[in-house]
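The values are calculated or read from the model by the stated rules, or taken from the named source; none is laboratory data. None of these values were measured; they are calculated from a predicted model. Using ideal geometry, Cβ is built from the backbone for each residue, glycine included, and neighbour counts are taken over all protein chains shown.
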Amino acid sequence: MYTKLREHKGTSLLIFPDNYVVVDIETTGFNPKVDEIIEIGAVKVSGNKITSIYQSLVRPKNPINPYISNLTGITNEMVVEANPIEVVLESFLAFIGSTILVGHNVNFDINFLYDHCEAHLHHYLKNDFIDLKELFREKQRSGDTFKTTCEKCAIQNTNAHRALSDCLATNNLYQSLKLHNGSIACVEELDTLTLASEFKTKHSPYKKQCQLKKENLGAIAQVS
């Protein structure tokens with residue numbers, strides 16, 4: 001009998017709720033069937049304000065390879081005394097409850113968490129979820145050429161590839177998108193975007209790049 005892959009998985013939504021949990025994980029690879037979770041981060045938001053945070057390293061069954069350690073900064077020494085995945089997932093599920101989950105390219109995180117919850121806890125992760133990439137596309141109906149730049153810009157931070165830091169930066173972008181009216185031609189338009197904790201400035205460095213591109217285009221038009 002055919003069984004639908006992840007048949008109990010929640011629904012992908014295109015909405016802007018006031019209450020949600022931002023999630024991010026770090027893993028040893030891209031395949032949830034064979035690779036392992038080594039860190040889970042989450043930020044709980046109620047009434048658009050952060051109310052609590054969750055962060056835990058996970059002790060994998062296999063050593064973390066040098067590439068992943070270099071990418072994430074998570075070494076084998078750091079996880080040697082961490083809890084195993086079963087314990088971490090139990091506490092993570094208690095933290096998120098049935099709340100909507102939010103993340104950047106969150107399908108990746110959801111699929112990993114779903115498969116590991118099923119394998120280790122015999123539990124289905126049923127939470128509905130919101131992918132910021134899809135929200136960004138929804139705001140960007142005009143198909144502006146700065147889409148990729150803005151998308152990359154908005155989630156960069158000085159401690160990228162660590163779960164909690166990525167969650168905080170992602171939440172900043174979510175709130176900026178939520179407050180912005182209309183489509184987005186450039187990240188410069190997100191004047192509510194304040195990643196001070198990540199960038200030490202009011203706006204991302206990509207704002208200057210976008211502005212520079214506009215000035216260059218204007219100069220080219222004048223010459224021609």
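Consider Lys4 carefully, then state whether it is basic (Lys, Arg) and either surrounded by 23 or more Cβ atoms within 10 Å (Cβ to Cβ) or modelled with pLDDT of 95 or more (or both).
Numbers: basic (Lys, Arg): yes; either surrounded by 23 or more Cβ atoms within 10 Å (Cβ to Cβ) or modelled with pLDDT of 95 or more (or both): no.
The answer is no for Lys4.
Looking only at segment 120-137, how many residues end up being within 14 Å of Glu90 (Cβ to Cβ) and free of Cβ contacts under 8 Å to residues at least 12 places away in the same chain?
Here is the first cut: in segment 120-137, the residues within 14 Å of Glu90 (Cβ to Cβ) are 120-123, 125.
From what's left, free of Cβ contacts under 8 Å to residues at least 12 places away in the same chain: 122.
The qualifying residues number 1.
Might you check whether a residue that is touching a Pro at 6+ places or on another chain (Cβ under 8 Å) and at pLDDT 95 or above occurs anywhere in segment 69-83?
Taking segment 69-83 first, the residues touching a Pro at 6+ places or on another chain (Cβ under 8 Å) are 76, 79.
Checking which are at pLDDT 95 or above leaves us with 76, 79.
Yes, that holds for at least one residue.
Taking only segment 29-74 into account, find how many residues are surrounded by 15 or more Cβ atoms within 10 Å (Cβ to Cβ) and not hydrophobic (A, V, I, L, M, F, W, C).
Total meeting the criteria: 14.
For segment 104-127, how many residues are outside any helix (DSSP H, G or I) and surrounded by 17 or more Cβ atoms within 10 Å (Cβ to Cβ)? Break it down stepwise before answering.
Looking only at segment 104-127, we keep the residues that are outside any helix (DSSP H, G or I), and these are 104-105, 122-127.
Going one step further and asking which of them are surrounded by 17 or more Cβ atoms within 10 Å (Cβ to Cβ), we end up with 104, 125, 127.
The number of residues fulfilling the criteria is 3.
If you take the residues of segment 27-47 that are at pLDDT 95 or above and among the charged types (D, E, K, R), which of them is nearest to Thr75 (Cα to Cα)?
So, considering only residues that are at pLDDT 95 or above and among the charged types (D, E, K, R), the one nearest to Thr75 (Cα to Cα) is Glu39.
Quick one: Ile184 ticks every box in (1) in a loop (DSSP other than H, G, I, E, B); (2) within 19 Å of the chain's Cα centre (by Cα); (3) crowded, with 20+ Cβ neighbours inside 10 Å; (4) modelled with pLDDT under 70 except a single one, so which number is it?
If we test Ile184 against (1) in a loop (DSSP other than H, G, I, E, B); (2) within 19 Å of the chain's Cα centre (by Cα); (3) crowded, with 20+ Cβ neighbours inside 10 Å; (4) modelled with pLDDT under 70, just (2) comes out false.
Which of the residues that make up segment 56-103 are in a loop (DSSP other than H, G, I, E, B), more than 30 Å from Phe16 (Cβ to Cβ) and within 20 Å of the chain's Cα centre (by Cα)? First the steps, then the outcome.
Quick first cut of segment 56-103, residues in a loop (DSSP other than H, G, I, E, B) only: 58-65, 73-75, 80-84, 97-100.
Subsequent filtering for residues that are more than 30 Å from Phe16 (Cβ to Cβ) retains 58-65, 73-75, 80-84.
Scanning segment 56-103 gives Val58, Gly73, Ile74.
The rows are residues; the columns are (1) without any contact (Cβ under 8 Å) to a residue 60 or more places away in the chain; (2) more than 17 Å from Gly97 (Cβ to Cβ); (3) in contact with a Pro (Cβ under 6 Å, 6 or more places away or on another chain); (4) basic (Lys, Arg).
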{"position": "Phe16", "(1), (2), (3), (4)": "no, yes, no, no"}
{"position": "Val21", "(1), (2), (3), (4)": "no, no, no, no"}
{"position": "Gly29", "(1), (2), (3), (4)": "yes, yes, no, no"}
{"position": "Ile37", "(1), (2), (3), (4)": "no, yes, no, no"}
{"position": "Gly47", "(1), (2), (3), (4)": "yes, no, no, no"}
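Those residues that are assigned to a loop (DSSP other than H, G, I, E, B) and among the hydroxyl-bearing types (Ser, Thr, Tyr), I need them from segment 2-44; list them, please.
First pass over segment 2-44, keeping only residues assigned to a loop (DSSP other than H, G, I, E, B): 2-11, 14-19, 28-36.
Of everything in segment 2-44, those that are assigned to a loop (DSSP other than H, G, I, E, B) and among the hydroxyl-bearing types (Ser, Thr, Tyr) turn out to be Tyr2, Thr3, Thr11, Thr28.
Does Leu132 meet the test of being at pLDDT 85 or above, more than 22 Å from Pro60 (Cα to Cα), surrounded by 16 or more Cβ atoms within 10 Å (Cβ to Cβ) and within 16 Å of the chain's Cα centre (by Cα)? Write out each step before concluding.
Numbers: at pLDDT 85 or above: yes; more than 22 Å from Pro60 (Cα to Cα): yes; surrounded by 16 or more Cβ atoms within 10 Å (Cβ to Cβ): yes; within 16 Å of the chain's Cα centre (by Cα): yes.
So Leu132 fits the description; yes.
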